[in-house]
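K.L.:
Attaching a single structure in structure tokens format; questions to follow.
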Amino acid sequence: MGHHQFDVVGIGNAIVDITSREDHSFLEENDLVKGSMTLVDAERSAALYEVMAPGTESSGGSAANTMAGLASFGSRAGFIGKVREDQLGEVFRHDIRAAGVSFEVLSVSDSLPTARCLVVVTPDAARTMSTFLGVSSQLHPDDIDTDLVSSAKVLYCEGYIWDVDITKQAIRKAINATKAAGNQVSFTLSDSFCVERHHAEWHDLVDNTIDILFGNEAEICSLYETDDFDVALEAVRGRCPVACLTRSEKGSLIVTADDTIEVAAVPVDEVVDTSGAGDMYAAGFLHGYTSEMDLRTSAELGSAAAAEVIGHLGARPEIDLAELAARLVD
């Protein structure tokens, strides 16, 4: 893929995850839909935080998690997102840099607070997220360093960021700079509700812009308005060069214009928390892809990384993924 400063640069919401374990009754009492990601305002976020059990804080956000996973694999990763000069902003900046990810976007001092995502993990390992986007929703086109994004082999775009017009403009600027440099764009559908909100625009993106698409079973079915996964699979075939479709314990499929590669899920002793599974799958796949491994091996790296992260609480790996990759590739 030629000489590049970075393997992957991600763009997305810079969020601090606050994770707690709760019973299913907590969801009912607080009117939460299990497994969903809901955008909330500052008041709702504060009210939920008040009744949650003690939790852990760590830098998060879908694309940021993927960049941390890539860095753990040994890839050169950068991230673009926005935080405020406040306590959670410092948590985010410290954590992502400590994970080995380049993060140079300046904090702001006179805006909304740093974004936070309240993650409730129930005994069945499902995670239900209530996200206050805060200042992350004010990522501006001026925050996009076009030299940075054009220096990466692949730009990784988080679908969640499409929900706000100004951030949509920022991500389009990043995509245009990437394409102008002759590099590739990857995109994650993020959430089936997110797909529903941006249906027409994302059809256009898939058909005309995206090189590598990531989505789970519910998301790809939502994109093509069907309840039949096989129908959705055939609908996406050939619309973009590579579609990576994950199906939890059923594994994943890599779909190209003329091939379908099935990859089994990596078994785990106990599923503790599914947070970050899709993010780590994307990290493993993109590490393999930008290292010029074949599509099957890249997907196997994704499956292995996803298996690692669902075995413990939190959306970031607890082991060195480079060691995991070495065992798998060797």
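K.L.:
Let me confirm something: among S107, S20, S36, S45, which residue is buried (at least 21 other Cβ atoms within 10 Å of the Cβ) and among the polar types (S, T, N, Q)? Walk me through how you get there before you give the answer.
P.N.:
On the way: S107 fails: buried (at least 21 other Cβ atoms within 10 Å of the Cβ); S20 fails: buried (at least 21 other Cβ atoms within 10 Å of the Cβ); S36 fails: buried (at least 21 other Cβ atoms within 10 Å of the Cβ).
Among S107, S20, S36, S45, only S45 is buried (at least 21 other Cβ atoms within 10 Å of the Cβ) and among the polar types (S, T, N, Q).
K.L.:
Here's a follow-up. Evaluate the following for G100: is it of a type outside the set (A, V, I, L, M, F, W, C) and not in a loop (DSSP other than H, G, I, E, B)?
P.N.:
No.
K.L.:
Within segment 32-55, which residues are within 21 Å of the chain's Cα centre (by Cα) and among the β-branched types (V, I, T)?
P.N.:
Taking segment 32-55 as the starting set, the residues that turn out to be within 21 Å of the chain's Cα centre (by Cα) are 33-40.
Within segment 32-55, V33, T38, V40 qualify.
K.L.:
If you take the residues in segment 281-323 that are among the aliphatic types (A, V, I, L, M) and farther than 27 Å from I15 by Cα, which one is farthest from the chain's Cα centre (by Cα)? Break it down stepwise before answering.
P.N.:
To start, the set of residues in segment 281-323 that are among the aliphatic types (A, V, I, L, M) comprises 282-283, 286, 293, 295, 299, 301, 304-307, 309-310, 313, 315, 319, 321-322.
In the following step, the residues that additionally are farther than 27 Å from I15 by Cα were identified as 293, 295.
Numbers: M293: 21, L295: 19 Å.
Across segment 281-323, the extreme among qualifying residues is M293.
K.L.:
Can you find, within segment 139-164, the residue that is modelled with the highest pLDDT among those that are hydroxyl-bearing (S, T, Y) and within 21 Å of N208 (Cα to Cα)?
P.N.:
Across segment 139-164, the extreme among qualifying residues is Y156.
K.L.:
Restricting the first residue to segment 35-55 and requiring it to be touching a residue at least 12 places away in the same chain (Cβ under 8 Å), which pairs with a second residue that is surrounded by 15 or more Cβ atoms within 10 Å (Cβ to Cβ) and assigned to a loop (DSSP other than H, G, I, E, B) meet a Cβ separation below 6 Å and a spacing of at least six or different chains?
P.N.:
G35/A126; M37/D191
K.L.:
I would also like to ask the following. Restricting attention to segment 72-104, and to residues there that are among the basic types (K, R) and touching an Asp or Glu at 6+ places or on another chain (Cβ under 7 Å), which single residue is farthest from I18 (Cα to Cα)?
P.N.:
In this case the residue turns out to be R76.
K.L.:
While we're looking at this one, here's another question. Does S186 count as among the small types (G, A, S), in a strand (DSSP E or B) and in contact with a strand residue (DSSP E or B) (Cβ under 8 Å, 6 or more places away or on another chain)?
P.N.:
yes
K.L.:
Another one. Check A218, A181 and return the single one that is closer than 17 Å to G78 by Cβ and surrounded by fewer than 21 Cβ atoms within 10 Å (Cβ to Cβ).
P.N.:
Answer to the check: A181.
K.L.:
Ok, one more. Check V263, V329, V272, V231 and return the single one that is surrounded by fewer than 20 Cβ atoms within 10 Å (Cβ to Cβ) and either at positive phi or touching a residue at least 40 places away in the same chain (Cβ under 8 Å) (or both).
P.N.:
Only one candidate qualifies: V272.
K.L.:
On to the next question. Tell me, please, whether a residue that is in a helix (DSSP H, G or I), under 23 Å from D191 (Cβ atoms) and not aromatic (F, W, Y) can be found in segment 262-275.
P.N.:
Taking every residue of segment 262-275 in turn, none turns out to be in a helix (DSSP H, G or I), under 23 Å from D191 (Cβ atoms) and not aromatic (F, W, Y).
K.L.:
Go through (1) farther than 19 Å from L139 by Cβ; (2) part of a loop (DSSP other than H, G, I, E, B); (3) free of Cβ contacts under 8 Å to residues at least 60 places away in the same chain for D110 and report which single condition fails.
P.N.:
(1)
K.L.:
Please tell me if T167 is farther than 22 Å from G251 by Cα, modelled with pLDDT under 95, of a type in the set (S, T, Y) and not in a helix (DSSP H, G or I). Walk me through it before giving the result.
P.N.:
Values: farther than 22 Å from G251 by Cα: yes; modelled with pLDDT under 95: yes; of a type in the set (S, T, Y): yes; not in a helix (DSSP H, G or I): no.
For T167, the condition - farther than 22 Å from G251 by Cα, modelled with pLDDT under 95, of a type in the set (S, T, Y) and not in a helix (DSSP H, G or I) - is not met.
K.L.:
Let me ask something else. Can you tell me how many residues within segment 113-142 are out of contact with any strand residue (DSSP E or B) (no Cβ under 7 Å at 6 or more places or on another chain) and part of a helix (DSSP H, G or I)?
P.N.:
4
K.L.:
Out of G74, G69, G60, which single residue is at pLDDT 95 or above and buried (at least 18 other Cβ atoms within 10 Å of the Cβ)?
P.N.:
Exactly one of G74, G69, G60 is at pLDDT 95 or above and buried (at least 18 other Cβ atoms within 10 Å of the Cβ), namely G69.
K.L.:
Also, quick follow-up: Condition first: among the aliphatic types (A, V, I, L, M) and either in contact with a Lys or Arg (Cβ under 9 Å, 6 or more places away or on another chain) or surrounded by 24 or more Cβ atoms within 10 Å (Cβ to Cβ) (or both). Now tell me which residues in segment 119-133 satisfy that.
P.N.:
V119, V120, V121, A126, L133
K.L.:
Taking the stated definitions as given, is E308 in a helix (DSSP H, G or I), touching an Asp or Glu at 6+ places or on another chain (Cβ under 9 Å) and among the charged types (D, E, K, R)?
P.N.:
yes
The values are calculated or read from the model by the stated rules, or taken from the named source; none is laboratory data. Every value quoted in this text rests on a predicted model; they were computed, and no experiment measured them. Neighbour counts are summed over all protein chains in view; Cβ atoms, including those assigned to glycine, are modelled from backbone coordinates with ideal geometry.
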